[in-house]
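The values are calculated or read from the model by the stated rules, or taken from the named source; none is laboratory data. Just so you know, these numbers come straight off a predicted model, no measurement behind them. Cβ sites come from the backbone with ideal geometry, for glycine too, and all protein chains shown count toward neighbours.
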Amino acid sequence: MDDSALLPALPLPDAERAGLYRAVLTRRDTRGEFLPDPVADETLSRLLVAAHHAPSVGYMQPWSFLVIRDADVRGRVHDAFVKAHAEAALMFPEDKRDLYRSLKLEGILEAPVNICVTCDRDRAGPAVIGRTHIRAMDLFSSVCAVQNLWLAARAEGLGVGWVSIFDNGTVQRILGIPKRIVPVAYLCVGKVGGYHSRPELEKIGWRPRLPLESLVHFEQWGRQDAEPEFRRILRDDVAAARDGRFSVG
């Protein structure tokens, strides 16, 4: 490849564009739908390649990927989840605690592969292009790697569940992660019996999807009455996404 030449800035073919939007709109946080089938090494490799090609501020690439298949290690991580899950239940209003306790919020033992995505905040040195004034940009970059992996997994017909209900320090000790390395995401990955038609927490009424129109501002915060034609298009696209009619035509 000639590094001096720019790649053509053309839209992807319609089928490929449609596939990307379908992956975005049908991606789900998977918890109770995992199957015991193994994930092929070739597939896992593609997921990691996709994650490693995420955007990163200052091209620092702060991420690492700790792949966990061992049942004993996953069992110890699950124990950490159970402890934190019990603590978390008490943080919610009393009328929601029973519903919270009934939720399946992880697939640590069921998923054949767990992946811990980490961030090395010192990888590119003390001064990093783009992180000079917003220190957290390295953490944000690592989250981009998580999203890349998640969308690639959806394209492969796999499920991913992000487990965030445990103490990070405990997980660091279980996985032998150095103290200076930040665990950003603990992911459960595997084949699934299917995807929910809508996010599970939306389906059970825990929280609704917020109306996108109320979240879009123009030029200045609070200006939401401008661009009437764009807002009409946006409303149509939101409705199409909700009803499974979203298209790129």
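A few notes on this one:
- Verdict on Pro38 being more than 23 Å from Gly169 (Cβ to Cβ), of a type outside the set (Asp, Glu) and assigned by TED's automatic domain parsing to the domain that holds Asn168: yes
- The residue of segment 20-56 that is nearest to the chain's Cα centre (by Cα), among those that are assigned to a loop (DSSP other than H, G, I, E, B) and among the acidic types (Asp, Glu), is Glu33.
- Selection within segment 153-212: residues that are part of a loop (DSSP other than H, G, I, E, B) and among the acidic types (Asp, Glu). The member of this set that is nearest to Gly244 (Cα to Cα) is Glu156.
- Contact map, segment 220-247: first residue touching a residue at least 40 places away in the same chain (Cβ under 8 Å), second residue not charged (D, E, K, R), Cβ cut-off under 8 Å, separation 6 or more or different chains; pairs are Ala241/Leu25; Phe246/Tyr21; Phe246/Leu25; Phe246/Ala240; Ser247/Ala18; Ser247/Ala240.
- Qualifying residues in segment 19-57 (those that are at pLDDT below 95 and surrounded by fewer than 18 Cβ atoms within 10 Å (Cβ to Cβ)) - the one nearest to Gly130 (Cα to Cα): Gly32
- Out of Arg131, Arg154, Arg173, one residue alone is modelled with pLDDT under 95 and in the same structural domain as Ala71 (by TED's automatic domain parsing). It is Arg131.
- Considering segment 100-111, the residues that are surrounded by 12 or more Cβ atoms within 10 Å (Cβ to Cβ) and assigned to a helix (DSSP H, G or I) include one that is farthest from the chain's Cα centre (by Cα), namely Arg101.
- Hey, Gly194 touching a residue at least 60 places away in the same chain (Cβ under 8 Å) and on the phi > 0 side of the Ramachandran plot or not: yes
- A Cβ distance below 6 Å, combined with a sequence gap of six or more or placement on separate chains, defines the contacts here; from segment 88-102, residues that are in contact (Cβ under 8 Å) with a residue 40 or more places away in the chain reach residues that are surrounded by 13 or more Cβ atoms within 10 Å (Cβ to Cβ) in the pairs Ala88/Ile165.
- Segment 57-99 - residue that is assigned to a loop (DSSP other than H, G, I, E, B) and out of contact with any strand residue (DSSP E or B) (no Cβ under 8 Å at 6 or more places or on another chain) and, of those, farthest from Ala185 (Cα to Cα): Pro93
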